[in-house]
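Have a look at the structure below, then the notes.
The values are calculated or read from the model by the stated rules, or taken from the named source; none is laboratory data. Computed from a predicted structure; not experimentally measured. Neighbour counts are summed over all protein chains in view; Cβ atoms, including those assigned to glycine, are modelled from backbone coordinates with ideal geometry.
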Amino acid sequence: MNLPLSLRRLLTIICEASLEPELVRELARLGARGYTITEARGQGAHGLRDGAWGASANIRVEVLCDELTAEAIVDTLHAGYSANYGMVMFVTDVAVLRPDKFRGAPG
Amino acid sequence: MPFEPVILFFVLGLVAGIVRSDLKLPGVVYEALSIFLLLAIGLKGGVELSRHNVADLALPALVIVAVALLIPLAAFPVLQRLGRLPRADAASIAAHYGSVSVVTFAVASSYLASRGEPAEGYMVVFLALLELPALVMGVALARRGAADTRWGKLFHEVLAGKSIVLLGGGLLIGWLAGPEGIQPLDRVFFDLFKGMLAFFLLEMGLVVAGRLADLRRAGVFLAVFAVLMPLAGGLLGVLTANLLDFSVGGAMLLATLYASASYIAAPAAMRIAVPEANPALSIGASLGITFPFNLLVGVPTYHWLASHLAGVI
């Protein structure tokens, strides 16, 4: 591979689907340039989330961003939602081709 | 048969879920079916509404909504004091029971239709009107005037939610188009209705089977509440209908509206507006017990009540 790769953070959030509208708003506010949402199923602290209907549906949100943005998002979501909603977050390092796409918001 | 045969599909789904069959309706099918049912119910009510003077419904609508608010107001202290539930849970469950279940209403309507018992067709208007007020009441009970209540989000969640958009939209389209205008759509919306309802009930059986674990968590008090509350609501509905001079069929439908507990709009709204309430409790009670109870026992009971109490007020 000859193209240069840069390090960015991949933040993954797995949470109740009912949070999607609020989450999307928070992500934009905290400087994420984009996100990817997929429907998800699984089991955890909140029991079986089989996605058969709205109340048992989960989503998996992925955000590629810089370190500061990832930290801001994790802190805000943890403070605002972790206590009352099913939510799991984790951050990994990933190598991306075009790092400019995944910077925080200007300023 | 003492009950509506279409509920056998619900029983089938329930059994399939309990024996861990690999039967599974994809989430998109559930979505599509609920969109169809809401729109069809709205259209049907709208067509009936076009035969009436809408202004005549204002007073009954006011009475019906006002009386309906007694349900969460009565349920809340029972849940909080007798059930010793935290304030948020008591309020959220009260909101579920004050709001209505569209599918229970649909089953009650087909129960009446299969017996040739006429009813006021515009009852759907009340179905649409009864969804929101109890949810607002529930949030008010949970918050008791706290400043940080997200009313805007709640109103948006419910009023822009698919059930109000489709029911209200269907009502409006049916009302504007009238019987002749809707006739070309009859085959899709009215002839297929019962088949779609059967599919939806099959799916609901599977969903309820999946919530049985929640039911154990809910405990004995909530289980008893989930059976007695709809009976009390049903009685209140029959009496209110008598007051408004509804037919036996209309009284039975109003009883079903008061007896039913929401499990689509209410869980979504409470999740946003009262996030500290445990959804396993409210959904376990409303969907796990009250919904099947109403299908199997409640609907025939409300019909019996409506027939025997006709004209007491």
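In the stretch B:39-60, the count of residues that are surrounded by 20 or more Cβ atoms within 10 Å (Cβ to Cβ), among the basic types (Lys, Arg) and part of a helix (DSSP H, G or I) is one or more.
In the list A:Ile73, A:Ile14, A:Ile37, which residue meets the criterion of being more than 21 Å from B:Lys153 (Cβ to Cβ) and of a type in the set (A, V, I, L, M)? Please lay out each step first, then the result.
Details: A:Ile73 fails: more than 21 Å from B:Lys153 (Cβ to Cβ); A:Ile37 fails: more than 21 Å from B:Lys153 (Cβ to Cβ).
Going through A:Ile73, A:Ile14, A:Ile37 in turn, just one is more than 21 Å from B:Lys153 (Cβ to Cβ) and of a type in the set (A, V, I, L, M): A:Ile14.
Please pick out the residue among B:Val11, B:Val67 that is touching a Gly at 6+ places or on another chain (Cβ under 9 Å), among the aliphatic types (A, V, I, L, M), surrounded by fewer than 20 Cβ atoms within 10 Å (Cβ to Cβ) and under 20 Å from B:Phe291 (Cα atoms). From the options B:Val11, B:Val67, the qualifying one is B:Val11. Evaluated against (1) out of contact with any Gly (no Cβ under 8 Å at 6 or more places or on another chain); (2) part of a helix (DSSP H, G or I); (3) within 14 Å of chain A (Cβ to nearest Cβ), B:Leu215 falls short on exactly one condition, (1). The lone criterion from (1) under 29 Å from B:Asp214 (Cα atoms); (2) surrounded by 18 or more Cβ atoms within 10 Å (Cβ to Cβ); (3) more than 13 Å from every other protein chain (Cβ to nearest Cβ); (4) basic (Lys, Arg) left unmet by A:Arg49 is number (3).
Which residues, taken from the stretch A:25-43, are hydrophobic (A, V, I, L, M, F, W, C) and within 15 Å of A:Tyr85 (Cβ to Cβ)? Spell out the reasoning first.
At the first step, the residues of the stretch A:25-43 found to be hydrophobic (A, V, I, L, M, F, W, C) are A:27-28, A:30, A:32, A:37, A:40.
Answer for the stretch A:25-43, where residues must be hydrophobic (A, V, I, L, M, F, W, C) and within 15 Å of A:Tyr85 (Cβ to Cβ): just A:Ala40.
Listed here are the helices (runs of 4 or more DSSP H) enclosed by the stretch B:241-313 that have at least 1 residues being within 14 Å of chain A (Cβ to nearest Cβ) and more than 18 Å from the chain's Cα centre (by Cα): B:265-273, B:279-285.
Would you confirm whether or not the stretch B:9-21 contains a residue that is under 20 Å from B:Tyr302 (Cβ atoms) and under 17 Å from the mean Cα position of the chain (by Cα)? Yes: one or more hits.
Let me confirm something: among B:Ser21, B:Ser34, which residue is modelled with pLDDT under 95 and farther than 24 Å from B:Lys162 by Cα? Give the derivation first.
On the way: B:Ser34 fails: farther than 24 Å from B:Lys162 by Cα.
Residue meeting the stated conditions: B:Ser21.
Inspection of the stretch A:65-80 identifies at least one residue that is more than 11 Å from chain B (Cβ to nearest Cβ), crowded, with 21+ Cβ neighbours inside 10 Å, touching a helix residue (DSSP H, G or I) at 6+ places or on another chain (Cβ under 6 Å) and free of Cβ contacts under 8 Å to residues at least 60 places away in the same chain. Considering only the stretch B:247-264, state which residues are of a type in the set (A, V, I, L, M, F, W, C) and surrounded by 24 or more Cβ atoms within 10 Å (Cβ to Cβ). Passing the criteria: B:Ala251, B:Met252, B:Leu253, B:Leu254, B:Ala255, B:Leu257, B:Ala259, B:Ala261. Residues that are of a type in the set (Asp, Glu) and more than 14 Å from chain A (Cβ to nearest Cβ) within the stretch B:189-205 comprise just one, B:Asp191. A count restricted to the stretch B:230-288 and to residues that are of a type in the set (D, E, K, R) and under 21 Å from B:Met137 (Cβ atoms) stands at 2. Criterion applied to B:Val158, B:Val227, B:Val208 was being under 20 Å from the mean Cα position of the chain (by Cα), under 20 Å from B:Val297 (Cβ atoms) and within 14 Å of another protein chain (Cβ to nearest Cβ), and the one residue passing it is B:Val208.
Taken over the stretch B:1-55, the criterion of being within 14 Å of chain A (Cβ to nearest Cβ) and small (Gly, Ala, Ser) is satisfied by B:Gly13, B:Ala16, B:Gly17, B:Ser21, B:Gly27, B:Ala32, B:Ser34. The residue of the stretch A:5-30 that is surrounded by the fewest Cβ atoms within 10 Å (Cβ to Cβ), among those that are within 14 Å of chain B (Cβ to nearest Cβ) and not aliphatic (A, V, I, L, M), is A:Arg25.
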